[in-house]
Every structure is written in structure tokens, then in C-alpha cells.
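Have a look at the structure below before the remarks.
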Amino acid sequence: MGGAFGLDEDPSLLDTMELAARLRTDPDRGLTAAEAAARLGEWGPNELEPPARMPAWRKLLAQFADPLVYLLIGAVVISTAAWLVEGAQGPPLEALVIAVILIANAVLGFVQEARAEAAVAALQRMATPTSTVVRDGTTIDVPAAEVVPGDVLLLAEGEAVSADGRLVMAASLQVAEATLTGESEPSVKQTDPLPGPVGLGDRVNMVFNGTGVTRGRGRALVTATGMATEMGKIARLLAETEEERTPLQREIVRVARLLGRVVIVIALVVVGAILLTADVRGTAEILDVLLIGVSLAVAAVPEGLPAILSVVLALGVRRMAQHQAILKKLPSVETLGSATVICSDKTGTLTRNEMTIRRVVTASGEVEVTGTGYQTDGEVVVRGQPTDEGALLDEVRAVLGGGSLANDASLTREDGTWAVRGDPTEVAFLVAERKMGELSAVRSSRFHRVGEIPFTSERKLMSSFESDSTREGRITVVTKGAPDVLLARCTRERVAGQTHPLTDDRRHRILTAVEQLADEALRPLAVAYRPIEAKTLPADVEPLEQDLVYAGVVGMIDPPRAETRDAVTEAQRARVRVMMITGDHPRTAARIAAELGIVPAGEPAVTGVELDRLDDESLRQTTRTRSVYARVAPEHKLRLVDALQSDGNVVAMTGDGVNDAPALKTADIGIAMGRTGTDVTKEAAKMILADDNFATIIRAIREGRGILANIRSFLRYLLSSNIGEVLTMLLGVLLAGVIGLDRGEGIAVPLLATQILWINLLTDTGPALAMGVDPPPADTMRRPPRRPGDQIIDAGMRWAVGFIGLIMALVTLLTFDIQLPGGLIDGTSDLTGARTAAFTTLVLAQLFNCFNARSDRISAFRNMFTNPLLWAAIVVSLLLQVAVVYVPLLQDAFGTSPLGAGQWVLCTALASVVLWAEELRKLALRRRR
């Protein structure tokens, strides 16, 4: 997959124009769409080769590679041997039935795994990365898999590099290449050809697939894609590694194995008891006893648990993706359901992420900017009236024009609407500028960018260096950033088109205006500039960000999402604490947080400066009581996550910028923004919010808790049902004389081996899978989060499983006793009829148990009809049982005889005791709590 276009020389040694000629591409206009399509067909998609897929026939055979299946195969051998010993008369029905069940189990496991793989593959397609390229002279986004050699690849801060390429432009470009070279520090890039061959880490004019841009922007000619990239070469060398099971899957396997060992011991006890108590004669009967023991061991262990678990997790995660929450790994469901704290950014997550400039404050006064969002309808007004030409309007033009120059966003007209690209804060300047008529066109024709210093969270500034055509190409520095930071770099102020010294009194008044904006929940951002007498930039440009002329400050707002307050309330009701961690002004953060119900009104935010003064223990104490943090840097987010985790919390952290990646990786659940998040952030995160909406996080937690509740439900169901089978056989043998089973007529067992296997096949898969898609319980978000150390199968579940299993066994044996002559209650049926009734009672009891198992405390009669799939599984199971009882061929295979109406009533009534007994237990549990 992919290619290197037949280059026979290291591209890092070539001049960019020579390289472009060899690649047959234009560094400015890129490839044509037709040429790109042709190269995609020739070189293939830009993807690493996936691990070799196991053929379907091998996957099917793998279903038989299990010790429990070996027991089934042993049962077939024993049954066949018994048939041969008895003279091989007629078909070996018992062996055939077990073989059919064996094959059916394998097919079910194969289908379940296929469904799980399909669900995970669908999730991966939903998170397909994209790349920005130039084709036919136009900037477009294409799937990363469609990037081809010769493409012109555009790079920006926070984006992942999707192919190997030779840089033709680099503006303060730095790339993190640790995944490829092991270097912890980002590589500073440039465009000059290298004088000679060097190692991978020293090819500073190249970028490589799988790395991430941490600063600046660039343009590269793609030289290799897919397996021809440096990352692809490494991928070829990697040995295949087996994917580890999730903690939940390991626990399930551990429980299944433990149960298997216990059941084998019980099976041996049952076999021993039969041999000691029954009149076993001849090899055939001994083989029958062994067959019962093997069948009991096999049937009592839910060998389909891991496959069912994978299907339930995959379907649940796919359901979450449909609600805009994309989990990259199935195990994250377990962690999500355990989250105790959500650390959320404000902009775009708690709010709409449509920044709108509402006010501009300059030396001559202030103006209001009407309109909302990214529509350019609106105007600049003073006290509701359009602003006249004059000093104030001149200053407002300087602020909005300057903010639009120090800007990497774009605003273009597409199909009658405005299409935006870039940071919402920067888009807000472009939108406000459009509301001032021809200002945008004048700015575009007058200035041409010749350099820049990108914004970073540490600097809190961005500067653009513009060649000014009205000053014969001399350069003007334009800077925007946090008012307090920017003001410290200003020595003068623009007043009515002139510059005046910036006095201490004016500084105080400007900061007071900034505080007033923040008090009104408006985010303040200041703009300054500086003309310099030069036409070229020096090597070190950062000193040019001093001695600036202050132009003014804007107040912008990103209103809270309408649904966020309800989501915060639901999180708090679920005992999940919500914290706001933002780079915004402390007063803006505190006001928005109070409006959303995160903190009481009037509670101030903790600032990054205050965090710097706290040691680790003081920080832990602060995080216990304070929930809003403002003006924080990425390292503060990391400290907050560490402090919360050390205090025993399971932390979900949101982020979008490249500098958020360390905190997201450290958090238990890192959540990247799907729309505004960078590729680097998405790579570090465990979950992606497709709609950047805080309410989606709460929906995901609700869904995650629901999935865990469903897993507990089908585990409760499967384990209690299987324990019921084991106890039925064990108690049936031990109490054979009491219930009239020991009649001196050979082997005295309540159920035949094939009947046990049939129950396991009939009741395990369908109802258990249906429970896996149950709607979340009504009280899911009223319970505290599950603690990470808690076992899925805890003491309470083990007790309930044993209780229900015992009730099942007792009602099954009671049915047997009622039907069979002798025992405690004298009956009239023969052994086959009594065994059929007991067999049917156990099946019905397990079907009644479906309703019990849906919750460990809520009555089965609440929400009984909310899962139609469960009812369908029950009806199908019931019809199959009726077939086993009445169809002659199945009667021969499973040792049954027809039941009368009265017997069905008896079986149903006794089986329902399972339901009523569990209802009483739940009632007692609810009252005690």
C-alpha cells in the first residue's frame, strides 16, 4: 500500500524545485484532481498494511480450541462408545445431538465474534483522519488514505502528519517525532537542502507519517505514502503481537475458569454418588454415568461468556458513537462508567463555540457590535445608533483590522453561507470586520504577511509581520493576546489616528475596562501594533514584540449551550463532579460556571498563578473544594489531573489543543473534541466527542453505566441458571431416595446429559445477548459511580446467584417428585414423563429468571416491556422447548414424552417461584437500604 514515486535519491538532499519536477507536481497549485486519482489507483491508499486477517474457516475452527469444548468432544466419544457397546442398533442419537450442539455453539461463537469485529470496524471508519492538501490550486480536505505522492500537504499546529514529505515552507514549524526517532523534544524544521545524508532525526527539512505538529505551520511535497513511509518500514519489522484482553474480559475468563474447576469437582461428586447409590451394571451404564458427568461439567460453564461480552461491548460502543461519543477502545466503557470527576474546558464544550465580538473599547470610548454567530449581518453602534466617522471609528477599525491580520482563520462564502476554518476566537474578528463594510478588502490589498510568531498557551500572544504597501513595503508588527500580557509590552496608545504615550493612569483605566468586560462574562482580547523601519525580518523576531502601540480591547462571548445546565445537574445527581478548567479570564469563567450550576454564584475561580504557589498536598486539598480554574496552562491541567487521581478519583478530561495531549493521556478518560480538536489530541484521547458538546459526555456516561449494568444482568442470569443446573443434578443424586428417583431401575439422575446440554444451548445465548442491549436501568444516573477496584461479580451478586440457583434446583426436583410415584408426594407419571416435566420446569425457570436478572434491586415488573428483543428470545426459546416435548424425532433425541395441559400449568407455576422469591429478596433489599 502506498508508494514513493520511484525516487532514487534522498529527497532531503534535493532542492525543492528539482524535487517538484521529479514528482511532476506544482508546489503552488498541487496536483490536478485527475492526476491524484490516477496516482491513487497506481500506488494504492495511504495506509499501513493491517495484520493478516485470519481466514473464516480458521476462525470457525478456533471456536473448538477450548478445554470446555474438548469435554464436549469427549462426551461425543463416550456416547458413541456406549452406543457401540449396546450393539449399535439404530442411529447414535445422543452422540449426534451432542455433536449438533457442539457445532451450534461454534457457529454462534463465530457469528458473535464477526458481529463484534464489524461493530469495531464501523467505529474506526467513523474516526477516519483527514488531511489538508492543495489540488488544482484550491485548499481541500481529503481522507488521509487518499493522499498520494506529489500532493502538496498543508500542515498546521495540532495536526498529524499523514505522509512523508519534503518541506517547501516552514513558519516556526516544530514537529514531535518521538514516535519515530525517540527524541523527546520537538524537531525545529526548515526548508534548505541538507549538505549530505544524515540520520532520520536530523532530517530537519522533512516531515514523516505518524508524527504531530506542535507549533507553527508548513507546506510539504509528499514523497512517500503508506508502507513506503519511514513508519511503514518500521511496521514491516514489527512482529505480530496478540491483543491483550480487557480487565473486564480477564475477570470473566477468570470466573468462568474458576466455575469450571468447581463444576468439574461437583461432576466428579455426582458421578461418584451415582456409582455408589445406583444399580449400575455393565460397561454401557458406566459410560452413561461418565457422559452425565462430562455433560454436567460442560453445560454448567458459560463458555460463550467472552464472545457474548465482546458483542455486548461492541454494540454498546457503537450505540454511543451514534450519540456522537466515539470510544476508541472497548475497555474504556468500564472506565467511563466509573468516572467521578469531569474536568471540562469551557469554550465549545460547555458553550456553543461560536465566539462573537460584542464590544470594542478604545481610547475614545466603546461601541457595540450587533449580530451573533458567524453570520456577517450586523453593525457597529453606540447606544443603539450607527457610529459616525471620527476618532472612535478609526480606533475600532484599527482593533478589528489588527485582530484580523494577526489571524490564521479563514471566512469564505460557499453556497450562500459563510464557511469558517480555524480557531473560533480568530473567526470572530473576521466576522466583526465584515460588519464594517470594505475594511476587509482594504486590509487584504494593503498588507502581505512575511512572518509570524504563533500563539502558544505559555505566551498568550500571537504576532504577525505584515509588509505594508502604503509604507513602501516596510513591515508592521501586529499582535493580539491576553490584555494583561499584551499591555505589559505596550509603551504607546492609538488615539484618533495618532500615538500618545501610555501613562499609568491609562493603564489602570484599560485594566478596569477589561475587568468590566469580564464581569459581564465577555472574554477580553487586546490588539496592538508597531511599524518598524525595515523591509526584511531579522533572524530573531521576538524582540519586535516590544514597544507596541496599544489599539484597544474587544469583549467577545461564547454563550452556554442550552442543554448544558441540565447535563451538569444530571452529572451531579449521579455523583459525578463537574470542574471547569479554562484559559479564559477568571471572572468570565466564574460567571459562566455559576450560570451552569457548577459552582454557587459569587465563588471565584482559582487562577494559574495561584496554582503555581501550591505544593502537591495543598493542591489536593484545593481540588476537593474548588471547581473552577481559569488562566491555566497545560502543565496546570496535568497537575490537576494528578492531584485528583491521587485523591482516588477517576478523571475524565476534555481538551482540543496540542498542548492538552499530555493531560488527556494521563487522565483515566481523555476526551478530545471532534470538531475543534487537533489530530495530536485525538490520538492521545480515549474518547472523541463528535459534536464537542458537554451533554454528550453525560449521555456517554449514562450509556457506559447502562452497558456495565447490562453486563452484570446477563452475568447474573447466566451464572444463576448454570448453578441451577449443577445443583439440580447434585441434589437430585444426593436426594434420589427422598424424591422417589432411586427406584432400582438403573442410573438415577433427574436429567439426561442431552437435556442438560439442550438447556445450556437454549437459554444461554439468545436471552443473554438480548439483555446486553437492554435500555439503561431507570436508576442508573442516581447511583454513585462504580469504584475501579470493585469486581463486576461482587459478593452481592454471588449471593444472589446462589440463591436463585438453589430455588431453580428445588422447584425442578419438586416437579420431579410430584410427577413420580413414591417420594414425598406420590405421582402417577413414569420416569420419562417426570423427567420431561422437571426438564421443562428448569427451562421455564430460567426464562422467568430473565426478568429477575435485569436488575439486582428494581422489581421485574417495572419496565417489563421495554426490551422487545428479550421477549423475542424468550418466545423462541419457549417454542423450541415445546418442539422438544412434542416432535417425535426430538423426543427420541432428548428422551422426552408429551406433557398434558395440567402438567404445563404445574411446570409454569413452580417455575414462577423463581420470580416471586427474587421479588421478595429485592423488596427486603430495598427496604433495608
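The values are calculated or read from the model by the stated rules, or taken from the named source; none is laboratory data. Small disclaimer: the values here were computed from a predicted structure and weren't measured. Glycine gets a Cβ as well: all are built from the backbone with ideal geometry, and neighbour counts include every protein chain shown.
Filter segment 189-210 for residues that are under 34 Å from the mean Cα position of the chain (by Cα) and within 8 Å of SER12 (Cβ to Cβ) and give the result.
If the condition is that a residue be under 34 Å from the mean Cα position of the chain (by Cα) and within 8 Å of SER12 (Cβ to Cβ), then MET206 is the only one that fits.
For residues that are under 30 Å from ARG217 (Cα atoms) and among the hydroxyl-bearing types (Ser, Thr, Tyr), scanning just segment 382-429, find the one that is surrounded by the most Cβ atoms within 10 Å (Cβ to Cβ).
Out of the qualifying residues, it is SER404.
Residues that are farther than 18 Å from VAL554 by Cα: find the strands (runs of 3 or more DSSP E) completely inside segment 367-444 holding 2 or more of those. Reasoning before the result, please.
Values: elements: 380-382, 410-414, 417-421.
It comes to 410-414, 417-421.
Among residues belonging to segment 323-359 that are small (Gly, Ala, Ser) and outside any loop (DSSP other than H, G, I, E, B), point out the one that is surrounded by the most Cβ atoms within 10 Å (Cβ to Cβ). Talk me through it step by step, then tell me what you get.
Taking segment 323-359 first, the residues small (Gly, Ala, Ser) are 325, 332, 337-339, 344, 348.
Narrowing further to those that are outside any loop (DSSP other than H, G, I, E, B): 325, 332, 344.
Values: ALA325: 26, SER332: 22, SER344: 24.
Restricting to residues being small (Gly, Ala, Ser) and outside any loop (DSSP other than H, G, I, E, B), the top hit is ALA325.
Could you give every pair whose Cβ atoms fall below 6 Å, whose first residue belongs to segment 163-183 and is not assigned by TED's automatic domain parsing to the domain that holds GLY232, and whose second residue is at pLDDT 80 or above, counting only separations of at least 6 or pairs across chains?
Short answer, once both residue conditions are applied: none.
For segment 384-394, does any single residue satisfy the condition of being in contact (Cβ under 8 Å) with a residue 60 or more places away in the chain and closer than 24 Å to ILE475 by Cα?
Yes: one or more hits.
Checking LYS922 against (1) surrounded by fewer than 15 Cβ atoms within 10 Å (Cβ to Cβ); (2) within 39 Å of the chain's Cα centre (by Cα); (3) charged (D, E, K, R): exactly one of these is not met. Which one?
(1)
Select, from SER440, SER404, the only residue that is among the polar types (S, T, N, Q) and at pLDDT 85 or above.
Working: SER440 fails: at pLDDT 85 or above.
After ruling out the rest, the residue left standing is SER404.
Among all residue pairs at least 6 apart or on different chains, which show Cβ distances below 8 Å where the first residue, located in segment 680-694, is modelled with pLDDT under 80 and the second is among the hydroxyl-bearing types (Ser, Thr, Tyr)?
From segment 680-694, the pairs are VAL680/THR214.
So which of ALA652, ALA605 ends up being in contact with a Cys (Cβ under 9 Å, 6 or more places away or on another chain), surrounded by 23 or more Cβ atoms within 10 Å (Cβ to Cβ) and at pLDDT 90 or above?
On the way: ALA605 fails: in contact with a Cys (Cβ under 9 Å, 6 or more places away or on another chain).
Going through ALA652, ALA605 in turn, the sole match is ALA652.
What number of residues within segment 29-53 satisfy the criterion of being outside any helix (DSSP H, G or I) and either modelled with pLDDT of 70 or more or within 16 Å of ALA145 (Cα to Cα) (or both)? I'd like the intermediate steps shown before the answer.
Kept after step one, since they are outside any helix (DSSP H, G or I), are these residues of segment 29-53: 29-32, 44-53.
Retained after the next criterion (residues that are either modelled with pLDDT of 70 or more or within 16 Å of ALA145 (Cα to Cα) (or both)): 29-32, 44-50.
Qualifying residue count for the region: 11.
Under the condition of being in contact (Cβ under 8 Å) with a residue 60 or more places away in the chain, in a strand (DSSP E or B) and crowded, with 21+ Cβ neighbours inside 10 Å, which residue from segment 477-506 is nearest to the chain's Cα centre (by Cα)?
Only one residue tops the list, namely LYS480.
Please determine whether any residue of segment 458-473 is among the aliphatic types (A, V, I, L, M) and over 44 Å from the mean Cα position of the chain (by Cα). Give the steps one after another, and end with the answer.
To start, the set of residues in segment 458-473 that are among the aliphatic types (A, V, I, L, M) comprises 461-462.
Pick out the ones that are also over 44 Å from the mean Cα position of the chain (by Cα) and you get none.
No, because not a single residue in segment 458-473 is among the aliphatic types (A, V, I, L, M) and over 44 Å from the mean Cα position of the chain (by Cα).
If TYR529 satisfies all but one of (1) assigned to a helix (DSSP H, G or I); (2) of a type in the set (Ser, Thr, Tyr); (3) in the same structural domain as PRO454 (by TED's automatic domain parsing), what's the number of the condition it fails?
Of everything listed in (1) assigned to a helix (DSSP H, G or I); (2) of a type in the set (Ser, Thr, Tyr); (3) in the same structural domain as PRO454 (by TED's automatic domain parsing), TYR529 misses just condition (1).
Yes/no per residue for (1) within 32 Å of the chain's Cα centre (by Cα); (2) modelled with pLDDT of 85 or more:
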position	(1), (2)
PRO775	yes, no
GLY796	yes, no
GLY802	no, yes
SER829	no, yes
ALA838	no, yes
ARG854	yes, yes
THR866	yes, yes
LEU869	yes, yes
ALA872	yes, yes
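Out of (1) assigned by TED's automatic domain parsing to the domain that holds ASP856; (2) surrounded by fewer than 24 Cβ atoms within 10 Å (Cβ to Cβ); (3) touching a Ser or Thr at 6+ places or on another chain (Cβ under 7 Å), the odd one out for ASP668 is which?
(1)
Among (1) in contact with a Lys or Arg (Cβ under 8 Å, 6 or more places away or on another chain); (2) of a type outside the set (Phe, Trp, Tyr); (3) part of a helix (DSSP H, G or I), there is one condition GLU683 misses while meeting the rest; what is its number?
(1)
Taking the residues in segment 557-576 that are in contact with a Gly (Cβ under 9 Å, 6 or more places away or on another chain) and without any contact (Cβ under 8 Å) to a residue 40 or more places away in the chain as candidates, determine which candidate is farthest from THR349 (Cα to Cα).
GLN572
Residue-wise test of (1) in contact with a Pro (Cβ under 9 Å, 6 or more places away or on another chain); (2) in a helix (DSSP H, G or I); (3) on the phi < 0 side of the Ramachandran plot.
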{"residue": "ASP856", "(1), (2), (3)": "no, no, yes"}
{"residue": "GLN891", "(1), (2), (3)": "yes, yes, yes"}
{"residue": "GLN903", "(1), (2), (3)": "no, yes, yes"}
{"residue": "ALA924", "(1), (2), (3)": "no, yes, yes"}
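Can you give me the number of residues within segment 487-509 that are of a type outside the set (S, T, N, Q) and more than 22 Å from LEU393 (Cα to Cα)?
Residues in segment 487-509 being of a type outside the set (S, T, N, Q) and more than 22 Å from LEU393 (Cα to Cα): 5 in total.
Quick grid of which residues meet (1) touching a helix residue (DSSP H, G or I) at 6+ places or on another chain (Cβ under 9 Å); (2) farther than 26 Å from PRO586 by Cβ:
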residue: ALA482; (1), (2): no, no
residue: GLY497; (1), (2): yes, yes
residue: ASP504; (1), (2): no, no
residue: ARG507; (1), (2): yes, no
residue: ALA518; (1), (2): yes, no
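I'm trying to understand the selection: among the residues of segment 691-710, which are within 24 Å of ILE592 (Cβ to Cβ), crowded, with 24+ Cβ neighbours inside 10 Å and not polar (S, T, N, Q)?
ASP692, PHE694, ILE697, ILE698, ALA700, ILE701 - these are the residues of segment 691-710 that are within 24 Å of ILE592 (Cβ to Cβ), crowded, with 24+ Cβ neighbours inside 10 Å and not polar (S, T, N, Q).
Determine which member of the set ARG798, ARG835 is in a helix (DSSP H, G or I) and closer than 20 Å to ARG712 by Cα. Steps first, answer last, please.
Values: ARG835 fails: closer than 20 Å to ARG712 by Cα.
Within the list ARG798, ARG835, the selection yields ARG798.
Just to be sure before I move on: is GLU379 charged (D, E, K, R), surrounded by fewer than 19 Cβ atoms within 10 Å (Cβ to Cβ) and touching a Pro at 6+ places or on another chain (Cβ under 7 Å) in the structure I sent?
On the way: charged (D, E, K, R): yes; surrounded by fewer than 19 Cβ atoms within 10 Å (Cβ to Cβ): yes; touching a Pro at 6+ places or on another chain (Cβ under 7 Å): yes.
It is true that GLU379 is charged (D, E, K, R), surrounded by fewer than 19 Cβ atoms within 10 Å (Cβ to Cβ) and touching a Pro at 6+ places or on another chain (Cβ under 7 Å).
Going by what's in this entry, would TRP904 be described as surrounded by 13 or more Cβ atoms within 10 Å (Cβ to Cβ), within 49 Å of the chain's Cα centre (by Cα) and under 24 Å from GLY772 (Cα atoms)?
Against the criterion (surrounded by 13 or more Cβ atoms within 10 Å (Cβ to Cβ), within 49 Å of the chain's Cα centre (by Cα) and under 24 Å from GLY772 (Cα atoms)), TRP904 does not qualify.
Which residue pairs have Cβ atoms under 9 Å apart, sit 6 or more places apart or on different chains, and have a first residue in segment 750-779 that is buried (at least 21 other Cβ atoms within 10 Å of the Cβ) and a second that is among the hydroxyl-bearing types (Ser, Thr, Tyr) and outside any helix (DSSP H, G or I)?
That search, which allows pairs on different chains as well, returns GLN755/THR896; ASP774/THR866; PRO777/SER855.
Which of the residues spanning segment 217-229 are in a helix (DSSP H, G or I) and touching an Asp or Glu at 6+ places or on another chain (Cβ under 6 Å)?
The initial filter retains those residues of segment 217-229 that are in a helix (DSSP H, G or I), namely 226-228.
Result: GLY226, MET227.
Of these, VAL553, VAL576, which one is in the same structural domain as GLU635 (by TED's automatic domain parsing) and surrounded by 17 or more Cβ atoms within 10 Å (Cβ to Cβ)? Step through it out loud before you land on a result.
Values: VAL553 fails: in the same structural domain as GLU635 (by TED's automatic domain parsing).
Answer to the check: VAL576.
Go through segment 445-463 and give me each residue that's touching a Ser or Thr at 6+ places or on another chain (Cβ under 8 Å) and either assigned to a helix (DSSP H, G or I) or within 30 Å of GLN375 (Cβ to Cβ) (or both).
SER445, ARG446, PHE447, HIS448, ARG449, GLU452, PRO454, LEU461, MET462, SER463
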